[in-house]
Amino acid sequence: MSEEASSPEGNDKVSRVIRIGTRKSQLARIQTDSVADSLKELYPDVHLEIVAMSTKGDIILDTALSKIGEKSLFTKELENALERNEVDLVVHSLKDLPTTLPPGFTIGAVLKRENPHDAVVLHPTNAGKTLETLPENSVIGTSSLRRAAQLKKRFPHLEFKDIRGNLNTRLKKLDEKQDFAAIILAAAGLKRMGWENRISMILEPEDCMYAVGQGALAVEVRSRDADILEMVSVLHDPDTVLRCIAERAFLKKLEGGCSVPVAVHTQVKDSHLYLTGAVYSLDGSDSLKETMQTSIVAGDESLEKVDEQVQRVGVTASKLPGDVQDRAEQLGIDLADLLLRKGAKDILTVARQCNDAR
């Protein structure tokens, strides 16, 4: 649990100590520091301590993520610390969080989304080229089945191979060896690291839709800690919350994860939430893609007090109208149902089997 500490000024003023859990990588620390800075601004009397730790996904670097076959690769150790009261909240990349959280946990804040799209980072010798103009059989590095499936279909002249490690490691592998002509990374991570100048091109939805929750940061807390939940809830960005609830509901209904290629694209426009979702075979040759929308104008029932205990795909957002959140969640479920009726289950089953056999 959080503790109390005497003020460093020695004036006996007691301030609260809140411990924030994070992964050890440079990007994770930058993301966590940004959340801590926002909390410090809002609650100047609170003393924040950052507790960094390694996760299984950080330690196993010689195996493709899709082959490790375990959910919570980047979150389990952090959640264990949360369960043991060693930390009071944890900062994650939302795309790392499974759509079903362990009992007793909730996402208390989803912060304003950074650019969710994927970016191409070219080897220095390929400066000025694009994926389209790279030579035949050029090797592209990505650890994501979702990226590879979409790009294989769009750029059949390219080869795709796994590349693991944090951002720093992957960029080093690209620059210092000749193994890859380019690598695909999340634009959000590059921007947060201050490496926007390395982005050769941003992949638009026509070329590559993004992962569920990509570009958004999530703050996970113990659902019973009403005071911590209230504290972090002010960090919620309403549009990002609704987009990510729809995306997570879509993925959950499909029973997808990192071992199958599932991609999304969401947009809030003219008081409507638009969700495009797709599933792919591993080589991208077989796919299903549809778009649906819903109104996000709050109805009269939203004037009633929102039940703070209600989670929608792991998210607690008591300050947002409950009926609007319900519609966002239902949008994801309805779109998944539509794809399932059209044969998505068969595509995903074969993709899983092929991935297991690789």
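Taken together, the values in this text are just the output of simple stated rules run on the coordinates, not laboratory data. Note that the coordinates shown come from a computational prediction; the quantities given were computed from them, not determined experimentally. Heads up, the Cβs are rebuilt from the backbone with ideal geometry, glycines too, and the neighbour counts pull from every protein chain shown.
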Looking at the chain, I'd like the Rg to Rh ratio, where Rg is from alpha-carbon atoms and Rh is Kirkwood's inverse mean 1/r.
0.98
Alpha carbon centre of segment 177-193 versus segment 134-176: separation in Å?
9
Fluctuation leader among K345, K253, K177 - the chain, Gaussian network, Cα springs under 10 angstrom:
K177
Assuming R0 = 45 Å, what is the FRET efficiency of V234 and I202, from their Cβ-Cβ distance, to the nearest 0.05?
0.90
Pick from I140, I107, I228 the residue whose mean-square fluctuation is largest in a GNM of the chain, springs joining Cα atoms under 10 Å.
I228
FRET efficiency for V310 and V17, Cβ-Cβ distance as r, R0 = 30 Å, nearest 0.05?
0.50
Dividing the mean separation of Cα pairs under 8 Å (6+ apart) by the residue count of the chain yields a relative contact order in percent of 19
If you count the DSSP beta bridges with both ends in segment 118-202, what percent of them are antiparallel, to the nearest 5?
60
Compute the longest continuous run of the chain that contains no exposed GluC sites (Glu not before Pro); treat a site as exposed when its DSSP state is not H, G, I, E or B and it has at most 10 other Cβ atoms within 10 Å.
10-135
Geometric extent, Cα atoms of segment 99-150 - Rg, Dmax (angstrom):
17.7, 52
Segment 118-202: Rg/Rh from Cα coordinates, Kirkwood Rh?
0.92
Quick check: pseudo-label points 7 Å beyond the Cα along Cα→Cβ at I50 and A127, how many nm apart are they?
3.2
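So what's the projected area for segment 158-197, the Cα convex hull averaged over all directions, in nm²?
Projected area, direction-averaged: 3.1 nm².
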How much length, in nm to one decimal, is gained on full extension between S38 and K76, taken as 0.36 nm per residue of separation minus their Cα-Cα distance?
11.2 nm
What number, in nm² with one decimal, is the all-direction average of the projected area of the convex hull of the alpha-carbon atoms of segment 178-230?
6.3
Approximate spin-label separation R154-D286, in nm, with each point projected 7 Å along Cα-to-Cβ:
2.3
per DSSP, antiparallel bridges as share of beta bridges in the chain, % nearest 5, sits at 75
Within segment 215-234, the residues whose backbone N lies under 20 Å from a label point placed 7 Å from the Cα of E83 along the Cα-to-Cβ direction are 219-226
Between S295 and D356, what length in nm is gained on full extension when 0.36 nm per residue of separation is reduced by their alpha carbon distance?
18.0 nm
In cubic angstrom, how much convex hull volume per residue do the alpha carbon atoms of segment 220-352 span?
111
